[in-house]
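I have placed the structure first, in the form of structure tokens, so that the comments after it can refer back to it.
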């Protein structure tokens, strides 16, 4: 028999394990290591002291399903198929699990999936619907974190007692503890801190006093949730209390994962990542939820550690979530083939490395919460300094200088002094739109790309209006 050859990373060392942890709706500004002294995150803060902390990681499509599809495929939504919430990912696309398995990895996925369309509580059978992951402990989509469940590889449903992220972390610890010398890759996807903000154990809520939580300076007196429903600042503070409680609970679980790698002797040979699929407005700009081009919606935390390989400190180079899977696999010496994301793994190794000149950001279809809020489709660019976005009917609806105006209080889109900048960004944006999709009213977009049947199936499930043919 031939001798087994250990696959090698980009630098010739044995390929590392990969522990890819991401939460749902955790914005960049709500971690201690990102400057927020109000939220308690001791484990993630300690981890950041040993990791690369990205100053600018951008969710290209700031809503759950499209962003999750990009995190697993390195493709923009129109290519992976899950273009809006509760539309299914295409079974034809290749994923990180496929690339890793081909390179000799054992793979697993634990937690929230949200890529199977409707119904949300369906069991996802073996095959391409799982995008190639071998081990499987998954719930498609559940937001009752105190009454949860998951399906295993065989399709058996398991109820979860207590707080869902604790059980998901238990399953991850079991996975980590069972691995031998073969490289492994595990994706752990937590549902919080996505609302409901009060679906968290009381002991974490007791850590926070809503009245004492300082709000960002761009939170006005009234926040719009829908076209007919608003929240007061006191109500927004109450949301922050639960949001922060979720984050602290997740921080505790992250600490268990890091400790397990230490205890099992796998710390030095494991790439560990923490990020989120998008952010949460939480009252900033007088708006709620996500699907918006503002920083609170698109800007997410990103921490990456591979001891002895990644540098320790802050990386200011720009990276998008569509680049993250390609870059992580590039760091491990694995190619993903044809993707929209770029291999930017040099950003993990060199603090002086350059990132993207801009990230393409967009909301192709204003699904669910965005539609209830009266939102429209939009496309935009987030550069290291500026944010520009436009809708199908407008030449531009926002332009911010994020260096001079980090809270985005001064919209410069119609300022005569910024006309040349606006025109340049609009030209660059038009090139991105032409390459990747089309800036159409969302109704026409659905029809043009043959998505009406899947869209109406989802709309029917949620008892929302259907889109008629032309």
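Key figures for this structure:
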read-out	value
Condition check for residue 180: at pLDDT below 95 and either assigned by TED's automatic domain parsing to the domain that holds residue 257 or crowded, with 21+ Cβ neighbours inside 10 Å (or both)	yes
Condition met for residue 374 (over 19 Å from the mean Cα position of the chain (by Cα) and within 26 Å of residue 227 (Cβ to Cβ))	yes
Residue in region 1-12 that is part of a loop (DSSP other than H, G, I, E, B) and modelled with pLDDT of 95 or more present	no
Where residue 128 falls short, out of the listed (1) in contact with a helix residue (DSSP H, G or I) (Cβ under 9 Å, 6 or more places away or on another chain); (2) surrounded by fewer than 20 Cβ atoms within 10 Å (Cβ to Cβ)	(1)
Some residue of region 229-236 being buried (at least 22 other Cβ atoms within 10 Å of the Cβ), within 23 Å of the chain's Cα centre (by Cα) and either modelled with pLDDT of 95 or more or within 19 Å of residue 301 (Cβ to Cβ) (or both)	yes
Qualifying residue in region 409-423 (condition: buried (at least 17 other Cβ atoms within 10 Å of the Cβ), out of contact with any helix residue (DSSP H, G or I) (no Cβ under 9 Å at 6 or more places or on another chain) and either assigned to a loop (DSSP other than H, G, I, E, B) or touching a residue at least 60 places away in the same chain (Cβ under 8 Å) (or both))	no
Residue match in region 206-214 (condition: closer than 26 Å to residue 324 by Cα and either assigned to a strand (DSSP E or B) or touching a helix residue (DSSP H, G or I) at 6+ places or on another chain (Cβ under 9 Å) (or both))	no
Given (1) in contact (Cβ under 8 Å) with a residue 12 or more places away in the chain; (2) not in a strand (DSSP E or B), index of the condition residue 189 fails	(2)
Residues that are surrounded by fewer than 24 Cβ atoms within 10 Å (Cβ to Cβ) and either out of contact with any strand residue (DSSP E or B) (no Cβ under 7 Å at 6 or more places or on another chain) or closer than 15 Å to residue 361 by Cβ (or both), drawn from region 263-288	263, 264, 265, 267, 268, 285
Residues located in region 36-50, provided they are surrounded by fewer than 16 Cβ atoms within 10 Å (Cβ to Cβ) and over 24 Å from residue 209 (Cα atoms)	49, 50
Single match in 405, 340 (criterion: within 30 Å of residue 52 (Cα to Cα), outside any helix (DSSP H, G or I) and free of Cβ contacts under 8 Å to residues at least 12 places away in the same chain)	405
Which listed residue, of 344, 302, is closer than 30 Å to residue 195 by Cβ and assigned by TED's automatic domain parsing to the domain that holds residue 223	302
Residue 90 being part of a loop (DSSP other than H, G, I, E, B), free of Cβ contacts under 8 Å to residues at least 12 places away in the same chain and farther than 27 Å from residue 349 by Cβ	yes
Lone qualifier among 231, 261 - being in the same structural domain as residue 206 (by TED's automatic domain parsing) and assigned to a strand (DSSP E or B)	231
Test for residue 108: is it more than 15 Å from residue 142 (Cβ to Cβ) and touching a strand residue (DSSP E or B) at 6+ places or on another chain (Cβ under 6 Å)	yes
Tabulated pairs, region 432-443, first without any contact (Cβ under 8 Å) to a residue 60 or more places away in the chain, second in a loop (DSSP other than H, G, I, E, B), C-beta under 8 angstrom, 6+ apart or interchain	433/439; 443/467
All positions within region 428-448 that are surrounded by fewer than 17 Cβ atoms within 10 Å (Cβ to Cβ) and in a loop (DSSP other than H, G, I, E, B)	438, 440, 441
Per-region count, region 350-370, residues in a loop (DSSP other than H, G, I, E, B) and at negative phi	13
Flag for residue 223 being touching a residue at least 60 places away in the same chain (Cβ under 8 Å), surrounded by fewer than 19 Cβ atoms within 10 Å (Cβ to Cβ) and not in a helix (DSSP H, G or I)	no
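Yes/no matrix, rows are residues, columns are (1) surrounded by fewer than 24 Cβ atoms within 10 Å (Cβ to Cβ); (2) at pLDDT below 95; (3) over 30 Å from residue 463 (Cα atoms):
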{"residue": "318", "(1), (2), (3)": "yes, no, yes"}
{"residue": "337", "(1), (2), (3)": "yes, yes, yes"}
{"residue": "344", "(1), (2), (3)": "yes, no, yes"}
{"residue": "357", "(1), (2), (3)": "yes, no, yes"}
{"residue": "363", "(1), (2), (3)": "no, no, no"}
{"residue": "375", "(1), (2), (3)": "yes, yes, no"}
{"residue": "380", "(1), (2), (3)": "no, no, yes"}
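The values are calculated or read from the model by the stated rules, or taken from the named source; none is laboratory data. What you are looking at is a predicted structure, and each value in this text was computed from that prediction instead of being measured. Note: ideal-geometry Cβ built from the backbone for every residue, glycine included; neighbour counts use all protein chains shown.
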